[in-house]
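Novice: One structure, as structure tokens, below. Some questions next.
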Amino acid sequence: MDESPPDREVSVALVDYGLGNLRSATRGLERAGASVEITDDPEAFAAADGVVLPGVGAFREGMENAGPLREALTDHADAGRPLFGICLGMQMLLTTSEEADHEGEGEVTGLDLVPGTNVRFDVDRKVPHMGWNELEVERDHPIVDGVDGEHAYFVHSYYAEPADPDAVVATADYGVDFPAVVANEAGNVFGTQFHPEKSGETGLAILRNFVDYCADR
């Protein structure tokens with residue numbers, strides 16, 4: 001993996017919708033060489049080289065909070081521009097989640113940029129899955145360059161089940177193989193179930209890959 005900085009400064013819009021780990025994500029992205037703006041302004045999304053959708057919490061609350069930004073996020077993705085979802089932000093890229101049904105709140109529609117649903121772990125292990133786990137890269141994508149076999153930090157009770165198996169970029173094992181990284185068919189929309197900003201050198205490598213990807217677009 002090339003650890004040299006991009007030839008130009010990369011601007012990243014970090015979406016502020018009330019549920020993101022904004023401070024840690026900002027520090028991580030800045031360490032990776034990006035210029036970061038924390039914003040809920042769709043015009044800032046359009047001006048940035050890439051957009052990061054962070055997230056900590058419940059799917060319904062995430063989609064309700066991000067509802068006013070749905071059109072701007074989907075327009076950004078449909079234009080072929082980089083959109084990176086982290087943890088809950090990754091789950092929000094999908095179509096639905098069992099979480100709302102599990103909580104008795106009914107169905108909630110996600111961004112539907114990576115068609116599929118999020119399901120609850122049904123394993124003989126403690127849920128939520130919390131801690132370090134090994135990444136196994138399943139197919140090529142710039143976001144996972146150089147991280148096969150490395151470890152990342154997870155905190156989650158639900159995981160993605162994309163409709164298209166080819167959307168799975170990397171997996172991890174927690175009583176079941178689950179997607180740790182997903183991407184849409186075009187490759188410009190992707191997400192990590194783990195927190196790169198909490199995953200040490202592995203996470204920094206992921207964030208550098210993202211910054212490099214934005215620089216090359």
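Novice: Could you tell me whether any residue of the range 144-167 is among the β-branched types (Val, Ile, Thr) and in contact with a Leu (Cβ under 7 Å, 6 or more places away or on another chain)?
Specialist: Quick first cut of the range 144-167, residues among the β-branched types (Val, Ile, Thr) only: 144, 147, 155.
If we keep only those that are in contact with a Leu (Cβ under 7 Å, 6 or more places away or on another chain) as well, we get 147.
Within the range 144-167, one or more residues are among the β-branched types (Val, Ile, Thr) and in contact with a Leu (Cβ under 7 Å, 6 or more places away or on another chain).
Novice: What strands (runs of 3 or more DSSP E) lie completely within the range 124-172 and have 1 or more residues being within 22 Å of residue 186 (Cα to Cα)?
Specialist: On the way: elements: 129-134, 151-156, 158-162.
Once the strands (runs of 3 or more DSSP E) in the range 124-172 are filtered for at least 1 residues that are within 22 Å of residue 186 (Cα to Cα), what remains is 158-162.
Novice: Related question: Considering (1) surrounded by 21 or more Cβ atoms within 10 Å (Cβ to Cβ); (2) among the small types (Gly, Ala, Ser); (3) modelled with pLDDT of 95 or more; (4) under 23 Å from residue 75 (Cα atoms), say which one residue 32 fails and leave the rest.
Specialist: Here residue 32 meets the rest and fails (4).
Novice: Now for a different question. Could you check the range 188-207 and list, in sequence order, the residues that are assigned to a helix (DSSP H, G or I) and either under 17 Å from residue 14 (Cβ atoms) or among the hydrophobic types (A, V, I, L, M, F, W, C) (or both)? Show your work before the answer.
Specialist: Initial filter on the range 188-207 (assigned to a helix (DSSP H, G or I)): 196-198, 200-207.
Scanning the range 188-207 gives 196, 197, 198, 203, 204, 205, 206, 207.
Novice: If only one of 15, 56, 51 is within 14 Å of the chain's Cα centre (by Cα), modelled with pLDDT under 95 and not small (Gly, Ala, Ser), which one is it?
Specialist: Numbers: 15 fails: modelled with pLDDT under 95; 51 fails: modelled with pLDDT under 95.
Just a single option satisfies the conditions, and that option is 56.
Novice: Moving to a separate point now. Being without any contact (Cβ under 8 Å) to a residue 24 or more places away in the chain and assigned to a loop (DSSP other than H, G, I, E, B) is the filter here, so list the residues in the range 173-187 that pass it.
Specialist: 185
The values are calculated or read from the model by the stated rules, or taken from the named source; none is laboratory data. Not measured: the values here are computed from a predicted model. With ideal geometry, Cβ positions are generated from the backbone for all residues, glycine too; neighbour counts draw on all protein chains shown.
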